[in-house]
Amino acid sequence: QVQLVESGGGLVQAGGSLRLSCVASGRTTSSYAMAWFRQAPGKEREFVAHIWRFGLTRYSDSVKGRFTISRDNAKNTLYLQMNSLKPEDTAVYYCAAASSAVSDRYSRSYDYWGQGTQVTVSS
């Protein structure tokens, strides 16, 4: 079993930056694909970015060029660096892990989820 805990959310002005962290416990996640999703009020959860076991990354079109996903396997931690934030980035951000080395952008492909961290971007 894997437990995921996100941190780093908060309130920031448009154009600002935040770095989210997701610490995994219970099992090493170095061999797992991991991802960030987000859910805005009244909307479905959507894919933000994922990173495979060997470092391949993918991003949604809405964040490409502004967000960077990375991982530190020694610390069992996943990161999301968010730059040039926009009000439409406001959402609860979730960390997820798949029990496989590769995965995709669909939430059903992920087996473990954190509780989420709120990101609010003011205009």
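The values are calculated or read from the model by the stated rules, or taken from the named source; none is laboratory data. A quick note: this is a predicted structure, and the numbers were derived from the prediction, not measured. We place every Cβ from the backbone using ideal geometry, glycine too, and count neighbours over all the protein chains shown. For the accessible areas, the whole protein counts, side chains as well, though only heavy atoms, and no ligand, DNA or RNA atoms are used. Shrake-Rupley method; radii C 1.70, N 1.55, O 1.52, S 1.80 Å.
When you scan segment 85-104, do you find a residue that is farther than 15 Å from Glu6 by Cβ, basic (Lys, Arg) and in contact (Cβ under 8 Å) with a residue 60 or more places away in the chain, even just one? There is at least one residue in segment 85-104 that is farther than 15 Å from Glu6 by Cβ, basic (Lys, Arg) and in contact (Cβ under 8 Å) with a residue 60 or more places away in the chain.
Take the residues of segment 45-62 that are of a type in the set (Val, Ile, Thr) and within 11 Å of the chain's Cα centre (by Cα): which is surrounded by the fewest Cβ atoms within 10 Å (Cβ to Cβ)?
Taking the candidates together, the pick is Ile51.
Run Glu44 past the list (1) assigned to a loop (DSSP other than H, G, I, E, B); (2) free of Cβ contacts under 8 Å to residues at least 60 places away in the same chain; (3) touching a helix residue (DSSP H, G or I) at 6+ places or on another chain (Cβ under 8 Å) and report the number of the one that doesn't hold. Glu44 satisfies every listed condition except (3).
Per-residue answers, yes or no, for (1) open to solvent by 30 Å² or more (accessible area, probe 1.4 Å); (2) within 12 Å of the chain's Cα centre (by Cα); (3) basic (Lys, Arg):
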| position | (1), (2), (3) |
| --- | --- |
| Leu78 | no, yes, no |
| Ala98 | no, no, no |
| Ala101 | yes, no, no |
| Arg105 | yes, yes, yes |
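Counting the residues of segment 16-33 that are hydroxyl-bearing (Ser, Thr, Tyr) and either at pLDDT below 90 or in contact with a helix residue (DSSP H, G or I) (Cβ under 8 Å, 6 or more places away or on another chain) (or both) gives 4.
I'd like to check something: does segment 12-30 contain any residue that is buried (at least 16 other Cβ atoms within 10 Å of the Cβ), part of a loop (DSSP other than H, G, I, E, B) and under 14 Å from the mean Cα position of the chain (by Cα)? No. Considering (1) within 28 Å of Leu11 (Cβ to Cβ); (2) without any contact (Cβ under 8 Å) to a residue 40 or more places away in the chain; (3) open to solvent by 40 Å² or more (accessible area, probe 1.4 Å), the lone condition that Ala74 does not fulfil carries the number (1).
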